[in-house]
Amino acid sequence: MIQIPCPHCGLRNAQEFRYGGEYNPRPWHPLEAGDAEWTEYVFMRDNQWGVQKEWWFHRAGCQAWFLAERHTKTNEISRTYLWKPET
Amino acid sequence: MSFKLLRQALNGNRPLPRMWREHPLKDRYDVVIIGGGAHGLACAYYLAQEYGITDVAVLEKRYIGSGGSGRNTTIIRSNYLTPEGVNFYDESVKLYEQLSVDLDFNVMFSQRGHLTLAHTDGAVRTMRRRAEVNQIQGVNSRLIWPAEIKQLCPPIDVSDHPRYPILGALYHPPGGIIRHDAVVWGYAHQADTRGVHIHQLTEVTGILVQDGRVTGVETTRGRIKTGMVLNATAGWCTTIADMAGVRLPVTTFPLQACVTEPLKPFLDVIIVSGSLHVYVSQSDRGELVMGAAVDPFASYSMRGSLAFTEGIAGHMLELFPALHHVRILRQWAGLCDMTPDFSPIMGVTPVEGFLVDVGWGTYGFKASPVSGKRMAELIATGRTPDLLHPFRLARFAENDLVGEKGAASVGH
């Protein structure tokens, strides 16, 4: 992977970015979540072979965190977009 | 081995017998091991050798040793940070020392000494702590200073000119390198001789689970009935565990390595630098074998990158300025299954009969004999050996992590 399309800055060198891991939202109601749910959130990962939704940070650019959909075998990025609260 | 060679020389040019045979896939086995690398084959060998369990199939998607076992930089050591880690890897080094005799095959284990450089005061403190932990457990390991480093490794720059001057090093004399393919072939040969079936080009496509118990395995060559499956894969361990419905705390990262063109004998010891993300040794062919940290993002891609080559070349020159004219010959990558506490996951899972030996990150090859032997013990006796207990899958739910920051030689 050589370039990543930043939702703000367009195609930029991949070394400007920092990888933030797979998309893994926190338990929606933290006080009600049990040990099993927290274990799942803190440790367990899908480690997807295929298209993965993941976080990236434009470290040397606009300093924004955004989401990307990338195939983990080919590293092809099909889409990048900003996070929006789920309704 | 030498007598075999002599006999072969006198016999003319007849080819040596095959080291392992091909078999038709049976429709049932007592034990099915997924992954024909050093771990899977070692487990098969110890099952047959120590416990007389020979109805074992080792399933390999490609050819044996084509994954991490053939892609690592072959460094073997036991100077870890946690007592659990030191105990575990020390048994591995002892098994490796006997391996050529045990397998009747020269694995060319060369215990040439292993130096982990410290470039900051913090790193010196960590090295001192590691040395103390190691010495208490009887592992030969001590802190040394630049004058002794220079004596052990004349080409290294110990001056205060570099960006990260060398302040000290953890010296581990029993650390060494080995011929990794020979380890795989040796285990395969001895397992095969004892009746284990090695099935190459056999990919697992599904795992059959009924009422929380494993009942069989689906492969590209047909279905196998079995009550015991060991997931000994790297890179694909999450994919395989998903088939059995087991969740793993693993993220897969590529790790790149490269070799230079062959040089005259230049480097006797193994040099590792955590701050510079580099480890290097000289192979018997004279090539400098170099590896780096894992790539900066998770991926199953094994393509090389220019960022890696530039990075490692710069760091190597900081340690060995004399190498400025040396060219890189080839470059490759392997897949590392990283866990949250930089320790492997070995033992039972919530699915009965489905065992894991995964999450080997950047430290799997050096543990092949001990993990194979102890996983074989677990399969044969049904009891988790004390040595494996700290590395169980349940430690994540129990919040009892190992925290092995001395795991990879590179910084985290």
Subject >> Evaluated at q = 0.13, 0.15, 0.27, 0.33 Å⁻¹: base-10 log I(q)/I(0), Debye formula over Cα of the stretch B:21-69 >> reply: -0.29, -0.38, -1.09, -1.27
Subject >> Hull shadow area, averaged, chain B [alpha-carbon convex hull, nm²] >> reply: 20.6 nm²
Subject >> Complex-versus-alone comparison for the stretch A:10-28, residues with a loss of 20 Å² or more in accessible area, probe 1.4 Å >> reply: A:GLN15, A:TYR19
**OP:** Could you list the trypsin sites (Lys or Arg not before Pro) in the stretch B:214-278 that lie in coil according to DSSP, counting only those with at most 16 other Cβ atoms within 10 Å of their Cβ?
**Re:** B:ARG221
**OP:** Would you mind computing Rg(Cα) / (2.2 N^0.38 Å) for the stretch B:25-116, counting N as its residues?
**Re:** 1.26
Original post:
Can you list, bin by bin at 5 Å, the percent of alpha carbon pairs in the stretch B:286-330, starting at 0?
Top reply: 5, 16, 32, 22, 14, 8, 3, 0
Original post:
What order do you get for B:101-108, B:312-319, A:27-34 when each peptide is scored by the mean count of other beta carbon atoms within 10 Å, highest first?
Top reply: B:312-319, B:101-108, A:27-34
Original post:
What number, rounded to the nearest 500 deg cm²/dmol, is the helix-based mean residue ellipticity at 222 nm of the protein assembly as shown, given -39500 (n - 2.57) per DSSP H run of at least four residues and division by all its residues?
Top reply: -8000 deg cm²/dmol
Original post:
Are there trypsin sites (Lys or Arg not before Pro) in the stretch B:336-400 that DSSP marks as loop and that have at most 11 other Cβ atoms within 10 Å, and which are they?
Top reply: B:ARG383
Subject >> Zone residues, the stretch B:13-32, relative to B:PHE3, backbone N less than 18 Å from point 7 Å out along Cα-to-Cβ >> reply: B:17
**OP:** Calculate, axis by axis, the spread of Cα positions in chain A along the three principal axes, and write the results as whole Å, longest axis first.
**Re:** 42, 27, 22
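When Cβ neighbours within 10 Å are restricted to other protein chains, what is their mean count per residue of peptide B:293-304?
5
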Original post:
Under a no-solvent Debye model with one identical scatterer per Cα of the stretch B:14-170, what's log10 I(q)/I(0) at q = 0.09, 0.19 Å⁻¹?
Top reply: -0.47, -1.25
Subject >> Unpartnered cysteines - no second Cys beta carbon under 4.7 Å - across the protein assembly as shown >> reply: A:CYS62, B:CYS43, B:CYS153, B:CYS237, B:CYS258, B:CYS336
Subject >> Shielded residues, the stretch B:383-401 - accessible-area loss of 40 Å² or more between chain alone and all protein chains, probe 1.4 Å >> reply: B:PHE396
Original post:
GNM on chain B, C-alpha springs below 10 Å: top fluctuator among B:SER100, B:SER159, B:SER110?
Top reply: B:SER159
Subject >> Accessible area buried at the B-A interface, both sides summed, 1.4 Å probe (Å², nearest 100) >> reply: 1700 Å²
Original post:
Say each of A:GLU16 and B:GLU261 gets a label point 7 Å from the Cα, pointing the same way as Cα to Cβ; how far apart are those two points in nm?
Top reply: 3.7 nm
**OP:** State the extension gain, in nm to one decimal, for the chain segment bounded by B:LYS225 and B:ASN399, taking 0.36 nm per residue of separation less the distance between their alpha-carbons.
**Re:** 59.1 nm
**OP:** Take peptide B:14-21, look around each residue's Cβ out to 10 angstrom, count Cβ atoms belonging to other protein chains, and average those counts.
**Re:** 0
Original post:
What residues of the stretch B:342-363 lie in the reach of a label at B:ASP211, counting those whose backbone N is under 20 Å from a point 7 Å from the Cα along Cα→Cβ?
Top reply: B:349-355
**OP:** Excluding B:ILE76 itself, calculate the net charge of residues whose Cβ lies under 13 Å from the Cβ of B:ILE76, where each Lys or Arg counts +1 and each Asp or Glu counts -1.
**Re:** +2
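Using the Kirkwood formula over every pair of different C-alpha atoms, what hydrodynamic radius in Å results for the stretch B:192-269? All intermediate terms of the calculation are to be shown ahead of the outcome.
Details: mean 1/r = 0.0626 Å⁻¹.
16.0 Å is the Kirkwood radius here.
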Subject >> C-alpha center-to-center spacing [the stretch B:59-98, the stretch B:227-272] in angstrom >> reply: 10 Å
Original post:
So what's the net charge close to A:PRO27: Lys and Arg +1, Asp and Glu -1, counting the other residues with Cβ under 15 Å from its Cβ?
Top reply: -4
Original post:
Averaged over peptide A:46-53, how many Cβ atoms belonging to another chain are found within 10 Å of each residue's Cβ?
Top reply: 5
**OP:** Once you have the Kirkwood Rh of the protein assembly as shown from its Cα pairs, apply Stokes-Einstein at 25 °C and 0.890 mPa s and quote D in µm²/s.
**Re:** 102 µm²/s
Original post:
Where the accessible area of the protein assembly as shown is counted over protein heavy atoms with a 1.4 Å probe, how much of it, in %, is carbon and sulfur?
Top reply: 52 percent
Subject >> Once the Cα gyration tensor of the stretch B:251-330 is diagonalised, semi-axes √(5λ) in Å >> reply: 22, 13, 12
Subject >> Cβ-Cβ FRET estimate between B:MET108 and A:LEU82, R0 fixed at 56 Å, reported to 0.05 >> reply: 0.55
**OP:** Counting only heavy atoms of the protein chains, get the accessible area per residue of the protein assembly as shown (1.4 Å probe) and round it to a whole Å² value.
**Re:** 46 Å²
**OP:** Express in % the proportion of alpha carbon pairs of the stretch B:281-412 at distances exceeding 22 Å.
**Re:** 51 percent
**OP:** Mind telling me which of B:LEU355, B:LEU167, B:LEU335 comes out most flexible in a GNM of chain B, alpha-carbon contacts under 10 Å?
**Re:** B:LEU167
Subject >> For A:TRP49, solvent-accessible area (1.4 Å; no DNA, RNA or ligand), Å² >> reply: 110 Å²
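The values are calculated or read from the model by the stated rules, or taken from the named source; none is laboratory data. Keep in mind that this is a model prediction, so the values were computed, not measured. Counting neighbours? That spans all protein chains shown, and the Cβs are built from the backbone with ideal geometry, glycine included. Remember, those area values only see protein heavy atoms, side chains included, never the ligands or the DNA or RNA. Shrake-Rupley method; radii C 1.70, N 1.55, O 1.52, S 1.80 Å.
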